[in-house]
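What follows is one structure encoded as structure tokens, with my remarks underneath.
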Amino acid sequence: MRIISGSHKGKKILEPIDTKTRPLKDLTKESLFNIINHSNKFKISLDNAYILDLFSGVGSFGLECLSRGVNKVTFVENYDLALKILKKNMESLKFKNFEILNKDIYSENTFSEINNRFDLIFIDPPYKDKNIFKIFSNIKNSKILKDDGLIIIHRHKNEEDIFPNNLKIIEKKKYGISKILFLSY
């Protein structure tokens, strides 16, 4: 795994040694950023953006964002092995504009300690996770997504999630066994 573009292009990212963490594949990540940068269905600029990376694992998505010049990335992860690797990645790449929160994403007060509002929220839960409706509810209730903000979720291609009525799917792409959904309120 590597960083695809930006100030740290080509730098390696440490990967997990277990099967509980499923990092975003380079090809999927590259396609995702091409859509972010070139879609005519939504407008988002990574320049100076605030990014929330939920279920961040070893940080593949957030690290790519930092390399591409975002203002700040907030990583949220609570799996100890993934957290250790994420911290090692941050140390080796020497990024400064980030924070790592060791929090349970499903807890209602997880977002209460976050002072930023985000331009983009990336959600990469375990494929078998059936609780994502609660995450969207917590995002909406905490008002951490900017009014014109974007949510991107990475799921198994066969997973049929239920989203809140006021959340609309703007774009959907399949990559191998996964799919990426771009959503907004």
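The values are calculated or read from the model by the stated rules, or taken from the named source; none is laboratory data. No experiment lies behind these values; they were computed from the predicted model shown. Here the Cβ positions follow ideal geometry from the backbone for every residue, glycine too, while neighbour counts run over all protein chains shown. Ligands, DNA and RNA are excluded from the accessible area calculation, which covers all protein heavy atoms including side chains. Shrake-Rupley method; radii C 1.70, N 1.55, O 1.52, S 1.80 Å.
Need one number: % antiparallel among DSSP beta bridges in the chain, to the nearest 5.
45 percent
Report the local net charge at ILE44: Lys and Arg +1, Asp and Glu -1, summed over other residues whose C-beta lies under 11 Å from its C-beta. With Lys, Arg at +1 and Asp, Glu at -1, the net is 0.
If you take the beta carbon distance between ASP147 and GLU99 as r and set R0 to 25 Å, what does 1/(1 + (r/R0)^6) give as a FRET efficiency, to the nearest 0.05? The pair ASP147/GLU99 has a calculated efficiency of 0.60.
Normalised per residue, the accessible area of segment 17-88 is 44 Å², obtained with a 1.4 Å probe and no contribution from ligands, DNA or RNA.
Counting helices only, and only those DSSP H runs with n ≥ 4, report the 222 nm mean residue ellipticity of the chain as the sum of -39,500 (n - 2.57) divided by its residues, in deg cm²/dmol to the nearest 500. Result for the chain, helices only: -7500 deg cm²/dmol.
The value obtained for the chain, namely the Cα convex hull volume divided by the number of residues, is 109 Å³ per residue. Rounded, prolate or oblate, given the Cα gyration tensor of segment 24-108, with a/c below 1.5 counting as rounded? Taking the square roots of the gyration eigenvalues as a ≥ b ≥ c, segment 24-108 is prolate.
The heavy atoms of LYS134 present about 80 square angstrom of accessible area, all protein chains included, probe 1.4 Å. Here the chain exposes an accessible surface that is 47 percent carbon and sulfur, computed with a 1.4 Å probe and the other protein chains kept in place.
Say a site is exposed when it is one of the GluC sites (Glu not before Pro), sits in a DSSP loop, and has at most 12 other Cβ atoms within 10 Å; what is then the longest site-free stretch of the chain?
With a cap of 12 other Cβ atoms within 10 Å, the longest stretch comes to 1-107.
Summarising the label geometry, the points placed 7 Å from Cα in the beta-carbon direction at ILE177 and LYS25 lie 1.0 nm from one another. Beta bridges from DSSP with both residues in segment 57-166: antiparallel share about 0 percent, rounded to the nearest 5. A cut-off under 14 angstrom between Cβ atoms defines the neighbours of ASP148, and their net charge, with Lys, Arg +1 and Asp, Glu -1, is +4. For the chain, a simple Cβ point-charge model (Lys and Arg +1, Asp and Glu -1, everything else neutral) yields a dipole of about 440 debye relative to the Cα centre. Accessible surface computed residue by residue for segment 91-185, with neighbouring protein chains in place and a 1.4 Å probe, gives 55 Å² per residue.
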